[in-house]
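Q: Dropping a structure here in structure tokens format, bear with me for questions.
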Amino acid sequence: MNANVAIRSERKVQDLGGGVKRRVLAYNDDLMTVEVIFEKGAEGSVHTHPHTQCTYVLSGKFEYSVEGERVTLNAGDSIVVPPDLPHGTICLEAGTLIDTFTPMRKDFINE
């Protein structure tokens with residue numbers, strides 16, 4: 001098979017601290033899918049990176065900040081953040097995000 005298959009139960013969960021956990025799923029050099037699990041009140045601090053990021057809210061409720069503008073996202077909502085824009089989130093109700101990055105985040109697999 002010429003595909004990268006990620007069996008979720010076989011992927012390591014990284015505890016990032018502060019009520020946030022990350023599980024890297026399928027990826028190749030061009031694309032990466034990541035599951036991010038948040039406890040209520042946990043934060044993804046404002047940061048930038050050179051990747052385009054698309055986030056799908058699988059469950060929970062999150063307040064996103066992109067370049068200082070805020071938006072509330074609920075289960076089923078999504079957002080695309082272009083490269084190098086300051087962004088972050090606060091978890092309002094415990095939940096899970098599915099982040100997709102292009103190109104892939106090498107820093108996530110080297111940790």
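Bear in mind that the values in this text are calculations on the coordinates, not laboratory data. Since the model is a prediction, treat every value here as computed from it, not as a measurement. As a convention, Cβ positions derive from the backbone with ideal geometry for all residues, glycine included, and neighbour counts pool all protein chains shown.
Q: Residue 42 - would you say it is more than 21 Å from residue 106 (Cβ to Cβ), out of contact with any Pro (no Cβ under 9 Å at 6 or more places or on another chain), surrounded by fewer than 17 Cβ atoms within 10 Å (Cβ to Cβ) and of a type in the set (Gly, Ala, Ser)?
A: no
Q: If you go through segment 26-36, how many residues are in contact (Cβ under 8 Å) with a residue 60 or more places away in the chain, more than 24 Å from residue 67 (Cβ to Cβ) and either surrounded by 13 or more Cβ atoms within 10 Å (Cβ to Cβ) or in contact with a Leu (Cβ under 6 Å, 6 or more places away or on another chain) (or both)?
A: 4
Q: Follow-up question, since we're still on this one. I need the full set of residues from segment 45-94 which are touching an Asp or Glu at 6+ places or on another chain (Cβ under 8 Å), part of a loop (DSSP other than H, G, I, E, B) and not aliphatic (A, V, I, L, M), in order please.
A: 48, 49, 50, 86
Q: In segment 46-60, what residues are free of Cβ contacts under 8 Å to residues at least 40 places away in the same chain and β-branched (Val, Ile, Thr)?
A: 48
Q: Go through (1) within 22 Å of residue 18 (Cα to Cα); (2) over 12 Å from the mean Cα position of the chain (by Cα); (3) surrounded by 11 or more Cβ atoms within 10 Å (Cβ to Cβ) and name the single condition residue 77 misses.
A: Condition (1) is where residue 77 drops out.
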